[in-house]
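All remarks here apply to the structure that follows.
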Amino acid sequence: MDWLATGEEPEKDAPVTGAALSKIDLALLTDVIRLIEDWLSNADRKMSPSKKAEVIVMAYEMIEERPTGTSQESYHNNVVRLLRVAS
């Protein structure tokens, strides 16, 4: 997210390392991936790897940046709406 402050986007294929990697909530990332994979399987829909990666990032950020006191589950419906549009 530093690119928002600097105006310089990171290289598209640059690996996530150092401080950026330590900020990732692995439990949340796992939940997001599980939610997306389960929905795609249950809805019998497919998504290209690049589109799926974009949706995972968007869903992760949406849930991570939710207002304090708002449950993660309340954002699952928003992720499902995102999946309907993207797949």
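Readers should treat all values here as calculations from the given coordinates under stated rules, not as data from a laboratory. Here the structure is a predicted model, which is why all the values come from computation and not from measurement. FYI the Cβ positions are ideal-geometry reconstructions off the backbone, even for glycines, and counts take in every protein chain you see.
Once the other residues with Cβ under 15 Å from the Cβ of Ala43 are scored (Lys, Arg +1; Asp, Glu -1), what is the net sum? Walk me through the numbers on the way to the answer.
Numbers: positive: Arg34, Arg45, Lys46, Lys51, Lys52, Arg81, Arg84; negative: Glu37, Asp38, Asp44.
With Lys, Arg at +1 and Asp, Glu at -1, the neighbours total +4.
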Given charges of +1 on the Cβ of Lys and Arg and -1 on the Cβ of Asp and Glu, with all other atoms neutral, how large is the dipole of the range 23-86 about its Cα centre, in debye to the nearest 20?
-> 280 debye
Neighbours of Asn77 by Cβ distance under 13 Å: Lys/Arg at +1, Asp/Glu at -1, summed charge +2
Two-decimal Rg/Rh across the range 23-86, once Rg and the Kirkwood Rh are taken from alpha-carbon atoms = 0.95
